Amino acid sequence: MHQHNILNDPLDALGPGSFDLVCSRLLLFWLAGKQEAAIRRMVECLRPGGWLVDEDGDWGTVAPVDPSHPFYAPFHRTWQGGEWWASRGYDPAFGRKLPALFEHCGLENIRDEASAEVVRGGSPWARWWQETLEGIRACEQTDGSLTEKREEAYKVLTAPLTDPSFWFLTGLLHACWGQRPEHRPQVDVSG
């Protein structure tokens, strides 16, 4: 196995233009402000005709669906339609921007499909989401940015995730793919 930081490590170690497929999943969102640079470098690794595939989310779409549930209002008040992410420097609507980013990076034949589910607390998705939020909380605790207010926000957001009576919409997961253009022979039209 070879580890490589797509933003900082030299591409020579990967062999630019040598891959038929480059893929990433739930990674680009975390590279706030550097997503296009990462995509450009991944495209450089593709052979002409090769494909880039990324799955990333619109995490601002996570929301409870039952207004009568006691966790509904506190969750919405804390989550603020995804502004919780924006306050941490992330774009809660990043996933939907993938097709435009792929196009800016020179890809063609671009497609994007998105899906979400309504699930209940205690489901595998709820457990994954809880672990994700707890991981972010731990990072904030380590770097000193975990305030009392943020600690309370984590409690509000994670408490319903173990309650099977709490139904909520998951993050909208985008699968986007695009193809590096084939080398096209130059046609002499002068003559």
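One table, with the values for the structure above:
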quantity	calculated
Those residues of region 111-122 which are over 18 Å from residue 62 (Cα atoms) and surrounded by 17 or more Cβ atoms within 10 Å (Cβ to Cβ), in sequence order	112
Qualifying residue in region 43-59 (condition: open to solvent by 50 Å² or more (accessible area, probe 1.4 Å), in contact with a helix residue (DSSP H, G or I) (Cβ under 9 Å, 6 or more places away or on another chain) and not charged (D, E, K, R))	no
Enumeration of residues in region 71-94 that are in a helix (DSSP H, G or I), of a type in the set (Ser, Thr, Tyr) and in contact (Cβ under 8 Å) with a residue 24 or more places away in the chain	78
Leading residue by the ranking (surrounded by the fewest Cβ atoms within 10 Å (Cβ to Cβ)) among those in region 123-145 that are over 15 Å from residue 155 (Cβ atoms) and small (Gly, Ala, Ser)	144
Breaking point among (1) among the charged types (D, E, K, R); (2) open to solvent by 20 Å² or more (accessible area, probe 1.4 Å); (3) under 21 Å from the mean Cα position of the chain (by Cα), for residue 66	(3)
Residue in region 12-26 that is outside any helix (DSSP H, G or I) and more than 21 Å from residue 181 (Cβ to Cβ) present	yes
Single unsatisfied condition, residue 98 versus (1) touching a His at 6+ places or on another chain (Cβ under 6 Å); (2) assigned to a loop (DSSP other than H, G, I, E, B)	(2)
Test set (1) part of a loop (DSSP other than H, G, I, E, B); (2) crowded, with 17+ Cβ neighbours inside 10 Å; (3) of a type outside the set (Val, Ile, Thr) - residue 165 fails condition number	(2)
Residue within region 117-125 that is over 19 Å from residue 66 (Cβ atoms) and in a helix (DSSP H, G or I) present	yes
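The values are calculated or read from the model by the stated rules, or taken from the named source; none is laboratory data. Everything quoted here is computed from the prediction, not taken from an experiment. All Cβ positions, even for glycine, are placed from backbone atoms using ideal geometry, and neighbour counts span all protein chains on display. Each accessible area value is taken on the protein alone, full model and side chains, heavy atoms only, with ligands, DNA and RNA left out. Shrake-Rupley method; radii C 1.70, N 1.55, O 1.52, S 1.80 Å.
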